[in-house]
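Where a number appears in this text, it was derived from the coordinates with a stated rule and is not lab data. This structure is a prediction, so every number in the text was calculated from the model and none was measured. Quick reminder, even Gly has a Cβ in these numbers, built from the backbone with ideal geometry, and neighbours come from all protein chains shown.
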Amino acid sequence: MSDESTWYTAVQGRQQGPLTRAELVARIRAGQLDRQAHVFTAGMANWVPIGSVPELAALPDRFLHAPWEA
């Protein structure tokens, strides 16, 4: 998927977007999203966890922590 794709996120029942891929990655790197946050973009049949999207799951684990978990 290209950097021009439009993404949506859902965290704790709240949908956010549209976001560019760069904005989505920035939120992941800032700790605002983790592997369990759901995302959706064109071509997907359903919302899926970030950890199941190959291009996002490939980000280093330090960017995919769970910021709201103790």
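When ranked by the protection proxy of mean other Cβ atoms within 10 Å per residue, highest first, what sequence do the peptides 46-58, 19-31 form? Provide the component values of the computation, followed by the final result.
On the way: 46-58: 13.5, 19-31: 16.3.
Highest-to-lowest ranking by the protection proxy: 19-31, 46-58.
Placing a label point 7 Å from the Cα of residue 4 along the Cα-to-Cβ direction, the residues of the stretch 28-62 whose backbone N falls under 15 Å of that point are 42.
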